[in-house]
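One structure is given below, encoded as structure tokens.
The values are calculated or read from the model by the stated rules, or taken from the named source; none is laboratory data. Worth saying up front: this structure is predicted, and the values here are computed from it rather than measured. Every residue, glycine as well, gets a Cβ built from its backbone with ideal geometry; the counts of neighbours run over all protein chains shown. Areas reflect the complete protein model, heavy atoms only, side chains present, ligands, DNA and RNA absent. Shrake-Rupley method; radii C 1.70, N 1.55, O 1.52, S 1.80 Å.
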Amino acid sequence: MNLYHHKVQYYETDKMGIVHHSNYIRWMEEARIDFLGQIGWNYKKLEDMGVISPVTAVDCKYKVSTYFDDVITIAVWIEEFKGVKLKLAYEMKRDDMVVCEARSEHCFLDAEGNIIRLRKEYPEFYDTLIRLQGIRE
């Protein structure tokens, strides 16, 4: 899997010139959408199929501050998937230094807000997530 790269924008920083903590959540979403595209299940395709995937939990551990013009590389991998809840892990680095470790949890819903059981309703997507579980490249 290719790493996702994000160049820190000026508007993402606070008065002290440090990236505001809320932006890391946005970067997770950018990286997650990129990850899904790389595995053949881009978000547009999922939405066209009637699948939405809301965030149910987020956890970030900030290690080192980041600043305007830094390039942050983000590794994303499937930490756990048991059919209903998807848990993703993220490692964000500036050069070789870890700046943030994070996790997000997601479920899958149809347009009416009902939980989708991927194994039954979308077995190809289910198989992809199962196959990639725990693989970190």
Residue within the stretch 23-35 that is touching a helix residue (DSSP H, G or I) at 6+ places or on another chain (Cβ under 9 Å), outside any loop (DSSP other than H, G, I, E, B) and open to solvent by 50 Å² or more (accessible area, probe 1.4 Å) present: yes
Cross-chain or 6+ apart pairs with Cβ under 6 Å, the stretch 1-25 first and over 21 Å from Leu88 (Cβ atoms), then part of a loop (DSSP other than H, G, I, E, B) and open to solvent by 100 Å² or more (accessible area, probe 1.4 Å): Val8/Phe68; Tyr10/Phe68; Thr13/Phe68
Selection from the stretch 68-78 of residues that are open to solvent by 30 Å² or more (accessible area, probe 1.4 Å) and within 11 Å of the chain's Cα centre (by Cα): Trp77
Residue count, the stretch 108-137 (criterion: assigned to a loop (DSSP other than H, G, I, E, B), in contact (Cβ under 8 Å) with a residue 60 or more places away in the chain and surrounded by 11 or more Cβ atoms within 10 Å (Cβ to Cβ)): 4
Exclusive hit being open to solvent by 70 Å² or more (accessible area, probe 1.4 Å), closer than 19 Å to Arg136 by Cβ and not in a loop (DSSP other than H, G, I, E, B), set Lys61, Lys44: Lys61
Pick from the stretch 82-103, criterion open to solvent by 50 Å² or more (accessible area, probe 1.4 Å) and assigned to a strand (DSSP E or B), ranking: farthest from Val51 (Cα to Cα): Met97
Of all residues in the stretch 5-21 being within 15 Å of Ile72 (Cα to Cα) and open to solvent by 50 Å² or more (accessible area, probe 1.4 Å), the one that is nearest to the chain's Cα centre (by Cα): His5
